[in-house]
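See structure below.
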Amino acid sequence: MQYAVLVIGSGGREHAIAWKLSQSPYVNKIYVSPGNSGISSVDKVSLVKLNVKDNKEVATWSKDNKVNLVIIGPEEYLANGLADELKNVGINCFGPQKAASKIEANKYWAKEFMDKCQIPTARWKGFVNAEEAKKFVESAPFPALVIKASGLAAGKGVIVAKDKEEACKAIDEILTDRKFGSAGESIVVEELLEGEEVSVLAFTDGKTIVPMAPAQDHKRIFDGDTGPNTGGMGAYCPCPLLNKADYEVVKADILQKTVDGLRQEQISFVGVLYAGLMLTKEGPKVLEFNCRFGDPETQVVLPLLKSDLFSIMKACCEGSLVESEVIWEENLFAVGVILASRGYPVSSSKGQVIIGVDDISCETNQFVFHSGTSISSEGELLTNGGRVLITVSLAPSLALAAAKATHAARIISFEGKQFRTDIAHKGIARSILHHGQLTYKSSGVDIEAGNSLVSAIKPTTYSTQRLGTMGSIGSFGGLFDIKATGYKDPILISGTDGVGTKLKIAFECKKHNTVGIDLVAMCVNDVLAHGAEPLFFLDYFACGKLNIDIASNVINGISEGCRKAGCSLIGGETAEMPDMYSNEEYDLAGFAVGIVERNDLLPRVNDIKEGDIVIGLSSSGVHSNGFSLVRKILKLANKKYSDVAPFSENNRTIGEELLEPTKIYVKGVIPALRTNLVKAFAHITGGGLTENIPRILPKDMGVVLDAKTWIIQPIFAWLATVGEVNKEEMLRTFNCGIGAILICSERDKDKVLSKLQIENAKIIGHIINYKKNQTRIHVKNFEEALELKMRQYIPDIISQLSKPLKKVGVLISGSGTNLQSLIDATKDRSQHIGAEIVIVISNKPNVEGLKRAEKAGIKTVVIKHTDYPNRDAFDAAMNVELNAFGVEIVCLAGFMRILSDNFVNQWRGALINVHPSLLPSFKGAHAHRDVLAAGVRVSGCTVHFVEPDIDSGAIIEQAAVPVLPHDTIETLQERVKMVEHCIFPLALKHLATGRIQLNEDNSITWNY
């Protein structure tokens, strides 16, 4: 069955609703009244002229035109009883009746209702007398600084005063001066709550509630939440500031309680229940309820809805809403930026010409919803209100969505345009900590694989045990009982380690005097974990060719580390191995032996009890773990080691900050260990806090740490932000400011702390009982502590993400392996290709290359050459598609058609191809056959500009491939393909980033 619907309203919210309804297979007619010029362009939409304030006219028209469902956008029509009138004539309405709309239309009634139903909200009191209200402001036992007109005031009836004087002024304006007319006949004076505001909207049929993803609106007109309040300057969804636990509280204790409470009052609520919330320290509290979709929240929520909106609305009206039938997009974020006219919110300007909307609307996952526009007699798009447009972008990360939406807002122009450039910035840090994709594993280090190796080799190591061996591998150090061999009571502890890829940074910076300290630190801190004082140290230095200066610097660092640890450097091995290492590169390994009395051996696992104290010792930075991930992040950030570090507190370079040596804890910790009050010590190395602390705990014990009790250095906030590293990965990769921890009983904490004075130790947590399926190492407040520092870096990453990318079209005919290399490269931010593929065109249907593009979310088009009388006609058809998507560069990736001269000349300087030989040798379609026939020993591939003469364009990149004695066409082709996949993206990068330019004489100008 096909249905007709009527949408009441004229803003961006109604545009988004109509747009989403148009996607329903069940809807064939969408009437909108009064609508706007943007809504009129939506598929299936017809604008109708109705007096939407006249309930009977709307109801009669709907009945006469066989409308099945009416959706009401603005709250004033709901408060005016339009839903009641529609019910009287038997038409379903998605929107509550007048009695239920009081939850928004009468703030005094709503506050009484919340108190009655025990719904968490701010403390308050209602007034009709200005003097009494002002006395209350002065005497209230809480900051009574929020003044609300009780009635509807077009979203502007709430004043959040900065002090009592401003609050009293607002009271006079509303009650005495009648600023909001009848809406201000009474007011609510409310407690000023502290926290972040979040909106949670829910579908409801009057019994069941189905919450939507949380969103966050931005009310103030200017960046940084400054300036006067507005109807909303932008929003984003989902908002990560509302955690899962609080989301469940909102669902059960706020939304469901509200619907249940209304039903107990014999009031049915059908439609959208909107809860405006403040996330306080005590949990979520209601600031206000709305009885309809929010604006601009709707514009960022509905694009994430996978389910059919009409079916959901119909189910609400029929009382059959089921939560499982409402499905949302996963791993996708929406950000909307409002473009307002000059003078808004005090006034608005109308009639300014708007340009650039079509440039945004043609982009994938980019939308422009109209809030206040009209069309001139000449067909020009004009401003027609305070809020004019909203640019909405969808992307797999909140940062990228924000960057795209803000960039789109810059592209659209009209005189007097206003927009905020920081929409969603408040949520980006938390979103990264929740959803960041970069991991230690993706940078080449697999923690799970390391754990698996330990398990796999344990049986082998057991086979080497002899008298005196204690414990097993996997602990911080290796234990050997000297007494078992005839010695007295001491136990020797050994530890061995390296410095890892931190050495790569030393090579790049040509700074070798600190990595030796790292080497000692990594070994002696592990030995210290068993209560042992280091006795001696040996090193292993391996290189390709011995450079005396470099080796001396390294060994001097090792000596300095030994002095800090109080142990002797008694020997080592220098191995010179030509061809094993590149020039001036080396590897390091260290071996430390310490000693401890048997009775002082740590950890004393059996002594650790619930309630014991965890003491944290600060780190000096990243120390020596996680550097593969650090280096990956630097690639993403396009930073050099010589750049001044954005996170440096004393203007040091990135290289200098990263080469800060690992802290050696021996001399600061040994006095505390000698008290015999410390039950365990853990060195926070590879695996971070969450992987290292369990190594010293009983199996039935866990730890709760409070991240607000220690200082997380700025470098960790920068790494998390720029690398988009989630909180779990941060905690299992980096030390996050804590280089070591000790455990002692509550009663002994003061004595232990007194012995740790030179380490500036802090109590950071406690021991808890641990049960399976619980988080064993819980770091509370980590998000809050880190995101405060992360926010300062958000504008920089938004700026980077906002840089426009060249739009690329790729022409294919087959499997698309070169296409895949271009897709992978353009989607890998660390490669900085400077381009995005917006369309893939194939002259053959059903080829594998089309599937590759579709899997990557790239638009595909099949244009069969056999459908056209000649090459020019076929190429013209391709041009139509390329131009429609704004393509700036065309790549030929296995495109098996000869292009017409007209096409080649039109795209000259922006058309590139990869050829499977080292041009100018072996041109044409049979390069591999010709190479083998000629008996040459070297072939390869070439990326070149395309000219009318085949394979004659200027060469951009080449790579050689040896021809082996027994090569066939197939084996040579496969090896050449591997190299093509490397140089084709590189050539595209040259062109997209402006490194190269093709000249008239077919030469290339290189700009770097």
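So which of GLY702, GLY686 is part of a strand (DSSP E or B) and either more than 29 Å from the chain's Cα centre (by Cα) or among the small types (Gly, Ala, Ser) (or both)?
None of the others qualify; the one that does is GLY702.
In segment 381-399, which residue that is open to solvent by 40 Å² or more (accessible area, probe 1.4 Å) and at pLDDT 95 or above is farthest from LYS803 (Cα to Cα)? That would be ASN384. Counting the residues of segment 525-571 that are farther than 20 Å from LYS510 by Cβ and open to solvent by 50 Å² or more (accessible area, probe 1.4 Å) gives 10.
Hey, can you tell me all the residues within segment 136-178 that are among the small types (Gly, Ala, Ser) and either out of contact with any Phe, Trp or Tyr (no Cβ under 9 Å at 6 or more places or on another chain) or within 26 Å of GLY386 (Cα to Cα) (or both)? Break it down into steps so the answer makes sense when it comes.
Taking segment 136-178 and keeping what is among the small types (Gly, Ala, Ser), we get 139-140, 144, 149-151, 153-155, 157, 161, 167, 170.
Scanning segment 136-178 gives SER139, ALA140, ALA149, SER150, GLY151, ALA153, ALA154, GLY155, GLY157, ALA161, ALA167, ALA170.
Determine if segment 409-425 includes at least one residue that is under 24 Å from THR721 (Cβ atoms), small (Gly, Ala, Ser), modelled with pLDDT of 95 or more and not in a helix (DSSP H, G or I). Scanning segment 409-425, I find at least one residue that is under 24 Å from THR721 (Cβ atoms), small (Gly, Ala, Ser), modelled with pLDDT of 95 or more and not in a helix (DSSP H, G or I), so the answer is yes. Candidates are the residues of segment 87-112 that are open to solvent by 10 Å² or more (accessible area, probe 1.4 Å) and aromatic (Phe, Trp, Tyr); the one that is modelled with the lowest pLDDT is TYR108.
Hey, among VAL704, VAL678, VAL725, which residue is buried (at least 24 other Cβ atoms within 10 Å of the Cβ), of a type in the set (A, V, I, L, M, F, W, C), more than 27 Å from ASN513 (Cα to Cα) and in contact with a strand residue (DSSP E or B) (Cβ under 8 Å, 6 or more places away or on another chain)? Give the steps one after another, and end with the answer.
Numbers: VAL704 fails: buried (at least 24 other Cβ atoms within 10 Å of the Cβ); VAL725 fails: in contact with a strand residue (DSSP E or B) (Cβ under 8 Å, 6 or more places away or on another chain).
Just a single option satisfies the conditions, and that option is VAL678.
Take the conditions (1) closer than 24 Å to LYS772 by Cα; (2) in contact with a Ser or Thr (Cβ under 9 Å, 6 or more places away or on another chain); (3) open to solvent by 20 Å² or more (accessible area, probe 1.4 Å); LYS699 misses just one of them, which is (2). The condition of being out of contact with any Gly (no Cβ under 8 Å at 6 or more places or on another chain), open to solvent by 60 Å² or more (accessible area, probe 1.4 Å) and touching a residue at least 60 places away in the same chain (Cβ under 8 Å) holds for only one of PRO795, PRO845, that being PRO795. Residues in segment 179-206 that are touching a residue at least 24 places away in the same chain (Cβ under 8 Å) and on the phi > 0 side of the Ramachandran plot were compared, and the one that is surrounded by the fewest Cβ atoms within 10 Å (Cβ to Cβ) is GLY195.
Where strands (runs of 3 or more DSSP E) fall entirely within segment 14-86, those with at least 1 residues that are surrounded by fewer than 18 Cβ atoms within 10 Å (Cβ to Cβ) are at 27-34, 45-47. ALA130 meets each of the listed conditions (1) at positive phi; (2) modelled with pLDDT under 95 apart from (1).
Taking VAL808 as the residue in question, decide whether it is surrounded by 21 or more Cβ atoms within 10 Å (Cβ to Cβ), under 30 Å from ILE741 (Cβ atoms) and among the β-branched types (Val, Ile, Thr). Outline the logic, then answer.
On the way: surrounded by 21 or more Cβ atoms within 10 Å (Cβ to Cβ): yes; under 30 Å from ILE741 (Cβ atoms): no; among the β-branched types (Val, Ile, Thr): yes.
Answer is no for this residue.
Go through segment 914-959 and report how many residues are farther than 30 Å from GLU1000 by Cβ and in contact with a strand residue (DSSP E or B) (Cβ under 6 Å, 6 or more places away or on another chain).
We begin by selecting, within segment 914-959, every residue farther than 30 Å from GLU1000 by Cβ; these are 926, 928-939.
Still in the list and also in contact with a strand residue (DSSP E or B) (Cβ under 6 Å, 6 or more places away or on another chain): 931, 938-939.
Summing the residues that are farther than 30 Å from GLU1000 by Cβ and in contact with a strand residue (DSSP E or B) (Cβ under 6 Å, 6 or more places away or on another chain) in segment 914-959 gives 3.
Filtering segment 155-178 to residues that are touching a helix residue (DSSP H, G or I) at 6+ places or on another chain (Cβ under 8 Å), in contact (Cβ under 8 Å) with a residue 12 or more places away in the chain and either assigned to a loop (DSSP other than H, G, I, E, B) or of a type in the set (Lys, Arg) (or both) leaves GLY157, ALA161, LYS164.
Hey, could you check segment 934-953 for residues that are of a type in the set (Val, Ile, Thr) and either open to solvent by less than 50 Å² (accessible area, probe 1.4 Å) or outside the structural domain of LEU919 (by the TED database) (or both) and say which is farthest from LEU964 (Cα to Cα)?
Kept after step one, since they are of a type in the set (Val, Ile, Thr), are these residues of segment 934-953: 936, 938, 942-943, 946, 950.
Pick out the ones that are also either open to solvent by less than 50 Å² (accessible area, probe 1.4 Å) or outside the structural domain of LEU919 (by the TED database) (or both) and you get 936, 942-943, 946.
Details: VAL936: 10, THR942: 19, VAL943: 23, VAL946: 30 Å.
Checking each candidate, the answer is VAL946.
Specify which of the listed residues (ILE91, ILE39, ILE103) is aliphatic (A, V, I, L, M), in contact (Cβ under 8 Å) with a residue 40 or more places away in the chain and over 23 Å from TYR274 (Cα atoms). Quick ask: steps written out before the conclusion?
Details: ILE91 fails: in contact (Cβ under 8 Å) with a residue 40 or more places away in the chain; ILE103 fails: over 23 Å from TYR274 (Cα atoms).
Going through ILE91, ILE39, ILE103 in turn, just one is aliphatic (A, V, I, L, M), in contact (Cβ under 8 Å) with a residue 40 or more places away in the chain and over 23 Å from TYR274 (Cα atoms): ILE39.
What residue, among those in segment 295-330 that are outside any helix (DSSP H, G or I) and hydrophobic (A, V, I, L, M, F, W, C), is surrounded by the most Cβ atoms within 10 Å (Cβ to Cβ)?
Here is the first cut: in segment 295-330, the residues outside any helix (DSSP H, G or I) are 295-296, 305-308, 319-322, 326-330.
Restricting the remaining residues to those that are hydrophobic (A, V, I, L, M, F, W, C) gives 305, 321-322, 326-328.
Details: LEU305: 18, LEU321: 23, VAL322: 11, VAL326: 20, ILE327: 11, TRP328: 14.
Step by step, filter segment 295-330, then rank; the result is LEU321.
Just one of the numbered conditions (1) in contact with a Ser or Thr (Cβ under 9 Å, 6 or more places away or on another chain); (2) among the charged types (D, E, K, R); (3) open to solvent by 10 Å² or more (accessible area, probe 1.4 Å) is not true of GLU132: (1). Restricting ASN735, ASN676, ASN692 to those that are without any contact (Cβ under 8 Å) to a residue 60 or more places away in the chain and in the same structural domain as VAL622 (by the TED database) reduces the list to ASN692.
Quick check on segment 871-892. Is at least one of its residues more than 23 Å from GLU848 (Cα to Cα), more than 38 Å from the chain's Cα centre (by Cα), without any contact (Cβ under 8 Å) to a residue 12 or more places away in the chain and loosely packed, with under 14 Cβ neighbours inside 10 Å? The answer is yes; a qualifying residue exists. Of all residues in segment 2-41, those that are over 17 Å from PHE293 (Cβ atoms) and polar (S, T, N, Q) total 5.
The values are calculated or read from the model by the stated rules, or taken from the named source; none is laboratory data. Predicted model, so just to flag it, every value in this text is computed and none were measured. Glycine also receives a Cβ, built like all others from the backbone with ideal geometry; neighbour counts cover every protein chain displayed. The accessibility values were calculated without ligands, DNA or RNA, using every heavy atom of the protein model including side chains. Shrake-Rupley method; radii C 1.70, N 1.55, O 1.52, S 1.80 Å.
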